1. Sort His79, His223 so that the residue with the fewest other Cβ atoms within 10 Å of its own Cβ comes first and the one with the most comes last.
2. Considering amide H positions built from the backbone, and no H for Pro or chain starts, which residues 5 or more places from Ala169, or on another chain, come under 5 Å of its amide H?
3. Could you tell me which of rounded, prolate or oblate describes region 32-132, using a ≥ b ≥ c as the square roots of the eigenvalues of the alpha-carbon gyration tensor, with rounded for a/c under 1.5 and, failing that, prolate when a/b is larger than b/c and oblate otherwise?
4. Of the candidates Ala153, Ala40, Ala185, which one comes out as most mobile in a Gaussian network treatment of the chain with C-alpha springs shorter than 10 Å?
5. Per DSSP H run of n ≥ 4, the term is -39500 (n - 2.57); total these for the chain, divide by its residue number, and report the mean residue ellipticity at 222 nm rounded to 500 deg cm²/dmol.
6. Give the long-range amide H neighbours of Lys224: residues separated by 5 or more places, or on another chain, with amide H under 5 Å away, using H modelled in the peptide plane at 1.01 Å from N.
7. Summing +1 for each Lys or Arg and -1 for each Asp or Glu, what net charge is found among the other residues whose Cβ lies under 14 Å from the Cβ of Asn18?
8. Over the Cα atoms of the chain, what Rg and Dmax result, in angstrom?
Amino acid sequence: MDVKAIRADFPLLNQEVNGHPLVYLDSSATSQKPTQVIDAINQYYRLNNSNVHRGVHTIGTRATEQYEGARERVKQFIHAQYVEEVIFTRGTTTAINLVATSYGRANLTEGDEIVITQMEHHSNLIPWQQVAKATGATLKFIPLEDDGTVTLANVEKTITQATKIVAIAHVSNVLGTINPIKEIAEVAHRNGAIVVVDGAQGVPHMKVDVQALDCDFYAFSGHKMCAPTGIGVLYGKKVWLEQMEPIEFGGEMIDFVDLYDSTWKELPWKFEGGTPIISGAVGLAAAIDYLTVIGLDQIMTYEQQLTAYAIDQLEQIDGIDIYGPKKRAGLITFNLTDVHPHDTATVLDSEGIAVRAGHHCAQPLMKWLNVTATARASFYIYNTEDDVDRFVNGLKKAKEFFGDVF
């Protein structure tokens, strides 16, 4: 990877913050956008801005071609079998809620089990809490090892014939744990359950083949993979999507409307009520093209090398706790002893270094870690070892500052 050339594609990185060159280490929250994506969205609004599908005029046709072309790009990118299996949503949260509301509430009853883990983002926990309350199903949690990993032995113990849904993150947004989705899916399917994967932290950083994983649903967001905010994807196996009912009703998703009854369009449009996120889909397609040229395998390798370098540097600092397994995705969650993570992040910001601090939408996991909050540095294709060095030096300054205070 030519990281210097990649960095030049991201205009936001070329600025100073608080008198220092920006070091952006918050890509797990949202990634920056390359010029290629910004230009694609700009061009859509300048030349092709129109509503899609029903119009017969030239501009509308061009907009429809771009929108549906983006769906085909997603299908190829995640290796779905059918383009109809790609549903555009507002993001991962909306996608998971669609599955929970449409599939979960229709197929679960009292005595059924929903299996998840304590590492889940709130977006892959709260929808299942609500389904359990509405149906009488029971939430069960696969136990975590001390390093925050999931073992197949515990998966086998937790999933039973009563399990109907297994919902799990591909990659933890706090621990960086990469879960064995294919193996978990095999256990789930053997017991008659379906598998829902939160791929928000997976798709931007590694090659994803939904057919090879054999997951039933896979959800992800565009804004974490160089695309704009407000666009996401739900992949679902055609057999399940055809059985599911839409949860939003109105224009675009209908086939025929009478005064007292209506019928729905076929897949994928029955789940895309209202004017769709057209410019977002255009931007997502451009982001997919951009990442594909770089190569997802190269991205994953580079990020893991950069993360390993960062951990080696951090482990030389006294009084730092690093959470998560040795083998992980490109993020590091940590705390300085006796320093609140918000204070740590504030000191780093004064040095032009952007990290995230808080519970990261994972309060049950914070409780499992026995902390109230943590700081997190997350890496992407535009970060360098120099960024890591600046980050480590910033942490040393934070320790010195709060050491003097206390």
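1. If I rank by nearby Cβ atoms, fewest first, I get His79, His223.
2. Asp198
3. Working: a/c = 2.80, a/b = 2.08, b/c = 1.35.
Since a/c reaches 1.5 and a/b is larger than b/c, the shape of region 32-132 is classed as prolate.
4. Ala153
5. Values: 14 runs with 154 residues, N = 406.
One gets -11500 deg cm²/dmol as the mean residue ellipticity at 222 nm.
6. Here the answer is Ser31, since their amide H atoms fall under 5 Å of that of Lys224.
7. Details: positive: Arg390, Lys397; negative: Glu16, Asp349, Glu351.
Net of charged neighbours comes to -1.
8. 22.0, 74
Here, each number is a calculation from the coordinates, and none is a lab measurement. Predicted model only: the values in this text are computed from it and were never measured. No Cβ is skipped: glycine too gets one built from the backbone with ideal geometry, and neighbour counts run over all protein chains shown.
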